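Read-outs throughout are calculated quantities, based only on the coordinates presented, and are distinct from any laboratory measurement. These numbers were taken from a predicted model, which means no experiment stands behind them. Cβ sites come from the backbone with ideal geometry, for glycine too, and all protein chains shown count toward neighbours.
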Amino acid sequence: MKHLPKLVGAALIASLGLFAPAARAATPPDTLIQAWAIDDIISLDPAEVFEFTASEILGNSYQGLIGYDVKDVSNIFGVVAEKWDISADGKTYTFTIRDGLKFASGNPITASDAVFSLRRAVKLDKSPAFILTQFGFTADNVDAMIRQTGPMTFEYEIDKAYAPTLVLYCLTATVGFIVDEKLAMEHAVDGDFGYNWLKTGYAGSGAFTIREWRANEVVVLERNDNYSGPTPAMARTIYRHIPEAATQRLLLEQGDIDIARNVSADSIDVLAANPGLAVDSGVKGSIYYLGLNQKNPILAIPEVRQAMKYLIDYATIADTIMKGRVTVHQAFLPRGFLGALEDTPFALNVVKAKELLAAAGYPNGFTVTMDTRNTDEITSIGTAIQQTMALAGITVEIIPGDGQQTLTKYRARNHDIYIGRWGPDYQDPHTNADTFARNPNNADDATSKPLAWRNAWNIPEMTARTDAAVLEADAGKRAQMYLDLQAEHQQTSPFIIMFQEIEVMARRANVQGYVVGPSFNDNSFRAVTK
């Protein structure tokens, strides 16, 4: 990757009016400018990325072996891979890499790059590595299990005959994106596979290259002239870190940005009525939830957990604070997934909550902290929850922080309550079951760290049932297994699942071709025109 020198980069960004509002008729015709809260970016390395914003960036700058139609996710097709074959025992997948593809660097894409990328993700063992290691890969065996068999072919041998769609969907996750081996290894230090460089660097083959990331400030992407697909009309796209929805709206209305990504509920109708603007929306698989840390002895009491599920006014939050942007949903699988449970058994019921708290030995409530990302929507949800919890004597002390701060604390299990927003990594029900209902090792030094682990929920029996569901070949039986898991999970887990997201964005009317996909790495601006 060619980094912009600091002075050149600053000049480019300043020339686009990124740091001072200006009376502008339009943004540059070859540049797409988006305003979004991008403070959740921790890394740009596909082996580490596990957050919404960075996932979207990687979805537009890297390519995976395979992909799927965002309008029909059952339609799986090759991207970097031309084809694949599955052995009779269902345990070995043989991939053939498409001829003639290049990375942005100009290096050809070969089977060696694919093998390197997958092995690298397993060996680095960052947050999303479990998406691959669930198939039996370890740092010790991955060189033997993922092996190159020719210049453009390799074998991917898993430990069990899992449902083929699960295996393939997992390879569409960002952790499966293909990295330029030669470029990454040119920047490797002390055997890190180029990790410290790739946290801010770029070694992909997607429609855009990542030119610059300044934390909590800006991300600049530029068109990749070596991209194998249709040439994007935009020469560059820029994300500005503007967390305030009101500021985004103002900048959009005056033409300083092309797309506002954080649209407040009270702005949707007004923006839609503006003839110079348009509002787009799409149902996402993202789930809003509260995680209750079981290391807190009070939150570990089943009656306390149950009481708190009756101390949220789900309907009012969905209809006011988040109007048009969420729907009430209380199970870990989002609507649209195989086996999704759509029952919503919880509603605000202070009397019932007080009864449960009394049974738990806390008739007068208790005090607890809640970590909240300081965006408009999360802050508003947190404040609403704080108010209804107080009705039963529970004092919630809100601790605000940016996305990186709150995530880091959450991943270290140092929270009491965390307001989370979780998006599926791939389009199979195991993606959420694996993190909400599975915790193979609850030790602080565990290798696998799903959401159940982050909240210190030790569930060996539920973990075994989740493991069994991925091996069930009959789709109907498998769906029922997930329905049963969710029904139990709703009542017993330390998760208060509240909403399923509807992503809403507003754009200038001349901006066409933006795709709102089911996952954030499916959001695409490759075909945008102005």
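What chymotrypsin sites (Phe, Trp or Tyr not before Pro) does the stretch 228-318 have in DSSP loop regions with at most 14 other beta carbons within 10 Å?
Counting only loop positions with at most 14 other Cβ atoms within 10 Å, none of the chymotrypsin sites (Phe, Trp or Tyr not before Pro) in the stretch 228-318 qualifies.
Give me the distance between the Cα centres of the stretch 444-482 and the stretch 202-271, rounded to whole Å.
Here the two parts' Cα centres lie 36 Å apart.
Might you report the magnitude of the Cβ-based charge dipole of the chain about its Cα centre, with Lys and Arg at +1 and Asp and Glu at -1, to the nearest 20 debye?
Dipole size: approximately 640 debye.
Pick out, from L391, T466, Y314, the residue whose Cα sits farthest towards the positive end of the charge dipole of the stretch 283-503, with +1 on the Cβ of Lys and Arg and -1 on the Cβ of Asp and Glu.
L391
Give me a comma-separated list of calculated 3J(HN,Hα) values for the stretch 475-481, in order, Karplus coefficients 6.51, -1.76, 1.60 applied at θ = phi - 60°, integers in Hz, x for any Gly or Pro.
4, x, 5, 5, 4, 5, 4
Sorting T395, T96, T372 on the 10 Å Cβ count, fewest up front, what's the list?
T395, T96, T372
Net charge near T320: determine it from the other residues with C-beta under 10 Å of the C-beta of T320, scoring Lys and Arg +1 and Asp and Glu -1.
Details: positive: K323; negative: D266, D313, D319.
Counting the neighbours of T320, the net charge comes to -2.
In the stretch 462-510, which chymotrypsin sites (Phe, Trp or Tyr not before Pro) fall in coil by DSSP and have 11 or fewer other Cβ atoms within 10 Å?
Listed in order of number, the matching sites amount to none.
What number, rounded to the nearest 500 deg cm²/dmol, is the helix-based mean residue ellipticity at 222 nm of the chain, given -39500 (n - 2.57) per DSSP H run of at least four residues and division by all its residues?
Result for the chain, helices only: -8000 deg cm²/dmol.
What net charge is computed for the residues neighbouring A446, neighbours being all others with C-beta under 11 Å from the C-beta of A446, Lys and Arg scored +1, Asp and Glu -1? Walk me through the numbers on the way to the answer.
On the way: positive: R413, K449, R454; negative: D444, D445.
With Lys, Arg at +1 and Asp, Glu at -1, the neighbours total +1.
Can you sort H241, H187, H489 so the residue with the fewest Cβ neighbours within 10 Å comes first?
The fewest-first ordering by Cβ neighbours comes to H187, H241, H489.
Along its principal axes, what span do the Cα atoms of the stretch 456-502 show, with the longest given first and each in whole Å?
Largest to smallest, the principal-axis extents are 31, 30, 15 Å.
Within the stretch 41-75, what residues put their amide N at less than 19 Å from the label point 7 Å along the Cα-to-Cβ vector of E186?
Counting only backbone N, you get 45-46, 62-63.
Find how many whole Å separate the alpha carbon centroid of the stretch 496-517 from the alpha carbon centroid of the stretch 274-307.
18
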